[in-house]
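In what follows, a single structure is set out as structure tokens and then discussed.
The values are calculated or read from the model by the stated rules, or taken from the named source; none is laboratory data. All of these numbers come straight from a predicted model, not from anything done at the bench. Heads up, the Cβs are rebuilt from the backbone with ideal geometry, glycines too, and the neighbour counts pull from every protein chain shown.
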Amino acid sequence: MDNLFLIRYGEIGIKGNNRYKFEDKLIENIEESLKELGAKPIVYKTFGRIFVETDLATEDVLKKLGDVFGIVGICPAQKAALDVENIKEEALKLVEEELEATAKEPLLFRITTNRSNKSFTLDTMELNRELGAYLLENTPDGALGVDLEDFDLELTAEIRDQQAYIYSQDKQGLGGLPVGTSDKAGLMLSGGIDSPVAGWLAMKRGVEITPIYFHTPPFTSERAKEKVIDLAEQLARYQPELKLHVVNFTAVQTAINEHCHADLITLVMRRQMIKIAQRITKNRGGKALVSGESIAQVASQTLDSLQVTNQIAELPILRPLIAFDKEEIINKAREIGTYKLSTKPAQDCCTVFVPDTPETHPEMEQITASEENLEVEELITEAIENAEIIEL
Amino acid sequence: MAEIYLDNAATTKAFPEVATAVQEALTTNYANPSSLHQKGLAAEKIVKKARKKLAQQLKVKADEIYFTSGGTEANNLAIKGTVKSLSNYGNRIITTKIEHPSVLNVYKSLEADWDVKYLDVNQNGKIDLEQLQEYLNNDTILVSIMAVNNELGTIQPLNKISKLTKEYQNLYLHVDGIQALGKIDFFPERLGIDICSVSAHKIHGPKGVGALYAAEDTRLKNIFCGSGQEEGLRPGTENVPGIAGFAKAIDLLASKEEIEQMYQLKETLVNRILTEIEGSTLNGPAIRDGAPHIANISFAGIRGEILVHSLAEDDIYVSTGAACSSRRKDSNHILEAIGIADDLIDKTIRFSLSTTNTEAEIETVITKLKEKITMLRKII
């Protein structure tokens with residue numbers, strides 16, 4: 001294995017006795033993620049650090065692990081024996097590489113030593129001094145300068161029980177918790193901008209999501225479905241295994257249009273969707289639903305509307321975007337790579353079945369009255385049984 | 001049920017003979033026509049033969065034909081090539097409001113530096129010759145008018161138009177002939193056209209190949225630079241497979257009888273829809289005044305898009321708006337230009353026929369259309 005990476009993780013280090021579960025999940029997710037590049041990496045942990053050894057190119061690994069939740073920093077590192085001379089040599093190699101890549105003169109640096117191996121011959125201060133002096137002596141005059149505060153390069157030496165590691169780069173990771181450590185939830189995924197972002201945020205907190213999409217042919221096109229598949233594929237970057245559920249909603253939608261008051265159809269429709277998504281989620285052992293609603297963004301997202309749609313739910317509905325402005329959601333969508341896909345034109349059923357004057361302050365009695373003649377139980381069961389599952 | 005394809009104005013299914021010609025050029029005569037060796041010559045001969053064939057079809061000379069990557073490129077070349085070469089003679093250019101985007105958007109892109117005029121059309125989609133006469137002046141260097149409209153099938157009076165443009169020197173008449181080739185009598189030189197564009201995939205040929213006719217002595221400048229292919233006007237290694245397929249498609253172009261048969265199918269389709277489906281209206285020209293292959297019909301209350309998907313469930317393929325623009329959200333510029341009522345603009349369907357369609361197919365389409373519309377009107 002040519003390349004070594006030291007993986008820093010923050011929050012999961014403080015989860016008490018459950019810590020090993022989080023670490024093991026993170027290791028598993030890292031392995032899965034790198035497997036997609038066709039590699040079989042060696043991933044192992046020692047106290048507070050995960051190490052990845054692989055033949056993959058550094059740039060490819062940094063990019064791929066940049067999508068794994070739970071990682072705080074990724075450092076391409078060099079191994080050294082627990083021997084001062086060896087540590088010096090490896091450090092010099094790293095510094096020489098850095099000097100070659102920079103035009104800055106002098107390159108200001110500092111050394112940081114983390115010594116968890118207390119039996120090492122030098123203490124932290126001593127090693128800092130020795131290393132610093134060695135580097136200055138063995139590089140051309142004027143190429144390096146020391147500055148402990150305003151440095152260009154921080155060279156870190158980690159002295160551990162079996163091995164020493166030296167690194168200078170620390171690429172920021174996504175943070176959050178490893179996907180899968182916070183149970184499962186169903187994501188109500190449409191082709192819009194919001195729901196993929198909501199799903200991503202839930203994943204960030206370790207939730208494994210199952211996206212559920214409602215397909216309403218011929219009112220929504222196959223292209224709209226393709227678009228949702230593309231979005232789910234994008235979300236799959238962040239979760240080792242993702243199963244998109246496509247539910248054919250036409251029969252239920254038709255029944256709603258026939259039996260319910262025109263101004264209320266969006267709300268009734270959302271309630272039926274929640275009912276279906278909830279059952280699918282429960283069948284898969286999920287504990288919550290995730291949706292992309294944000295207060296008052298559209299008629300079905302006023303507090304009154306949320307209240308009537310919420311009442312059909314038994315599972316909690318998580319709404320990570322509830323206080324986000326559209327602009328903030330768009331920025332996030334750009335960041336996670338879903339914005340361009342979401343804005344490709346294709347009808348989704350929310351835009352096809354918009355009433356001319358949608359109710360923005362519905363009351364539960366209105367909804368109950370409107371649903372009185374709606375008998376969709378069988379249609380719902382059928383829709384769930386026939387849901388298409390697309391593995392991404 | 002076998003598929004019924006009534007979206008032939010968007011593109012057509014390649015004839016098997018065309019596919020064979022393409023394959024042959026890909027796998028046997030695959031050399032570069034510019035190569036000196038024998039194999040290069042064999043490829044060059046394919047291109048030469050095709051050029052001759054298309055020239056014969058259009059009743060023009062072979063050296064007035066330039067192959068391109070399709071209709072869009074041919075239109076771009078015609079317009080940009082003209083304004084580049086005639087800019088010293090004036091700065092007015094004229095087109096219509098119902099051109100295909102490959103013409104209209106080129107004109108729009110020139111608005112900053114050119115005096116651009118857009119001709120109105122009447123409710124049948126025809127331009128007003130008086131307005132054209134009014135816009136024409138000594139400063140005008142280019143007029144672009146399509147022969148057959150892709151959405152409505154409207155045929156423009158090209159011989160009358162060219163009589164007006166011929167009054168002026170240093171003025172080219174450019175005609176987008178993409179929907180005209182093989183559907184109406186279309187002979188650019190006789191019609192007084194200086195430059196025209198055609199495309200292979202609308203006539204059961206391959207996609208990615210088209211051609212420009214530019215009358216002898218037309219001063220056009222290229223828009224791409226490269227080696228000297230196509231007299232330097234359109235450099236780039238010739239698309240020999242595409243060109244071979246194009247030539248084969250020309251061989252198989254609709255006969256007079258087949259065109260008459262298309263008119264009869266169109267008559268059946270339109271007349272029966274109008275009498276048997278409530279709230280339906282024919283947009284654009286009367287059946288026989290328009291091209292034989294296009295009929296544009298509105299269905300009150302039903303979004304075209306939904307009807308398209310609905311018919312597709314039964315393997316019937318039609319389109320709404322122009323194919324290239326039907327996935328855009330904005331309204332359709334052609335339907336707007338002929339003044340269709342606002343609430344019908346997104347409720348129109350374009351049926352476009354080919355010689356391969358049959359009466360039985362039309363019968364099925366009408367039956368299914370009635371079924372779907374009844375069902376949809378109940379839900380929406």
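See the values below:
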item: One residue from B:LYS80, B:LYS163, B:LYS108 being outside the structural domain of B:PRO285 (by TED's automatic domain parsing), more than 29 Å from B:SER319 (Cβ to Cβ), surrounded by fewer than 22 Cβ atoms within 10 Å (Cβ to Cβ) and of a type outside the set (Val, Ile, Thr); result: B:LYS163
item: Unique match (being in a helix (DSSP H, G or I) and either touching a Lys or Arg at 6+ places or on another chain (Cβ under 9 Å) or in the same structural domain as A:GLN163 (by TED's automatic domain parsing) (or both)) among A:ILE50, A:ILE87; result: A:ILE87
item: Subset tally (residues that are outside any loop (DSSP other than H, G, I, E, B), within 17 Å of the chain's Cα centre (by Cα) and either surrounded by 15 or more Cβ atoms within 10 Å (Cβ to Cβ) or within 14 Å of chain B (Cβ to nearest Cβ) (or both)) for region A:308-347; result: 7
item: Residue check for B:THR68: buried (at least 23 other Cβ atoms within 10 Å of the Cβ) and either in the same structural domain as B:PRO188 (by TED's automatic domain parsing) or in contact with a Ser or Thr (Cβ under 6 Å, 6 or more places away or on another chain) (or both); result: yes
item: Selection count where residues are closer than 14 Å to B:ARG303 by Cα and surrounded by fewer than 15 Cβ atoms within 10 Å (Cβ to Cβ), scope region B:366-380; result: 5
item: Looking only at region A:215-231, and only at residues there that are more than 12 Å from every other protein chain (Cβ to nearest Cβ) and buried (at least 24 other Cβ atoms within 10 Å of the Cβ), the one that is farthest from A:LEU177 (Cα to Cα); result: A:VAL228
item: Filter pass, A:LEU6 being farther than 23 Å from A:GLU241 by Cβ, of a type in the set (A, V, I, L, M) and surrounded by 14 or more Cβ atoms within 10 Å (Cβ to Cβ); result: yes
item: Residue within region A:233-246 that is closer than 30 Å to B:ILE373 by Cβ and either out of contact with any Gly (no Cβ under 8 Å at 6 or more places or on another chain) or more than 14 Å from chain B (Cβ to nearest Cβ) (or both) present; result: yes
item: Selection status of B:ALA312, within 14 Å of chain A (Cβ to nearest Cβ) and of a type in the set (A, V, I, L, M); result: yes
item: Identity of the residue in region A:40-76, charged (D, E, K, R) and without any contact (Cβ under 8 Å) to a residue 40 or more places away in the chain, that ends up surrounded by the most Cβ atoms within 10 Å (Cβ to Cβ); result: A:LYS64
item: Per-region count, region A:53-84, residues within 20 Å of the chain's Cα centre (by Cα) and either at pLDDT below 90 or assigned to a helix (DSSP H, G or I) (or both); result: 7
item: Counted residues, region B:80-129 - those being over 22 Å from B:GLU151 (Cα atoms) and either of a type in the set (Ser, Thr, Tyr) or touching a strand residue (DSSP E or B) at 6+ places or on another chain (Cβ under 7 Å) (or both); result: 15
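This table checks each residue for (1) buried (at least 16 other Cβ atoms within 10 Å of the Cβ); (2) not in a strand (DSSP E or B); (3) not aliphatic (A, V, I, L, M).
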site	(1), (2), (3)
B:ALA254	yes, yes, no
B:LYS266	yes, yes, yes
B:LEU274	no, yes, no
B:LEU282	yes, no, no
B:PRO285	yes, yes, yes
B:ALA291	yes, yes, no
B:ILE297	yes, no, no
